[in-house]
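One structure is given below, encoded as structure tokens.
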Amino acid sequence: MIAVLVVVVVFVKVLEQFGLLEAGYDDSVEDELELSAVRHRPEGLEQLEAQTRFSRKELQILYRGFKNECPSGVVNEETFKDIYAQFFPQGDASTYAHFLFNAFDTDHNGSVSFEDFVMGLSILLRGTVQEKLIWAFNLYDINKDGYITKEEMLDIMKAIYDMMGKCTYPVLKEETPRQHVEVFFQKMDKNKDGVVTIDEFIDCCQNDENIMRSMHLFENVL
């Protein structure tokens, strides 16, 4: 579950950069009235409030920060990679950012809209344990066939270690990601058929005390 922790930690940093963790925004209809200023017009705040676990005030703050950083109303993959590169200058975050971008781009149209952003953020910060684990499973299921293979898990793990770069201590050996994947995969693949199903994934994670503890670390960051 290191992938999920990295996701949330960096999103907290992104929120801070956007100014979204700072108080002081007035509750007004200004954000709704300014929707026409962007090329992509998000759904009304009322509808998003019903679809997420954010309040109207929180959505207004999120939208204002998102709009300031992304005037077009959408984020493309290159911008997403640039954001991650700022926080991991000692490593190469491009591959992990690619996987994460695909996880947020739920309709696979090559861009992340404000709706995509807050729906994913709602799960990561306010979702149930089950919802967070399903989201994490979809991140690892790179080809979206409903299973996680050892190769997919290794691709994600390598991407994380590439992103962390030289900030790990002691310095990781080249074979470390594969060794970790072997341990995780054997633990998750209960029936030893070479793939991990979503049920196996959720069952294994729910029985891991450390993973369960990590699920609640960032619930009150916004």
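The values are calculated or read from the model by the stated rules, or taken from the named source; none is laboratory data. On a predicted model such as this, the values are computed, not experimentally measured, just so you know. Heads up, the Cβs are rebuilt from the backbone with ideal geometry, glycines too, and the neighbour counts pull from every protein chain shown. When the accessible area is computed, the model is the full protein with side chains, heavy atoms only, and any ligands, DNA or RNA have been set aside. Shrake-Rupley method; radii C 1.70, N 1.55, O 1.52, S 1.80 Å.
Accessible area of D162 (1.4 Å probe, protein heavy atoms only, ligands and nucleic acids ignored): about 80 Å².
Extents of the stretch 87-146, largest first, come to 33, 25, 21 Å (Cα atoms, principal axes, whole angstrom). Dipole magnitude for the stretch 76-222: computed about the Cα centre from +1 point charges on Lys and Arg Cβ and -1 point charges on Asp and Glu Cβ, it is near 500 debye.
Peptide packing: for 135-146, 181-192, 58-69, the average count of neighbouring Cβ atoms within 10 Å per residue gives the ranking 58-69, 135-146, 181-192, highest mean first.
For V129 and Q90 in the same chain, what is the full-extension length gain: residue separation times 0.36 nm, less their Cα-Cα distance, in nm? That pair, V129 and Q90, stretches by 10.8 nm at full extension. I'd like the FRET efficiency for Q179 and N210, computed as 1/(1 + (r/R0)^6) with the beta carbon distance as r and R0 of 30 Å, rounded to 0.05. Rounded to the nearest 0.05, the efficiency is 0.95. Subtracting the Cα-Cα distance of N191 and H108 from their residue separation scaled by 0.36 nm leaves 26.7 nm. Once the C-beta distance of H98 and E46 is scaled by a Förster radius of 35 Å, the resulting FRET efficiency is 0.55 to the nearest 0.05.
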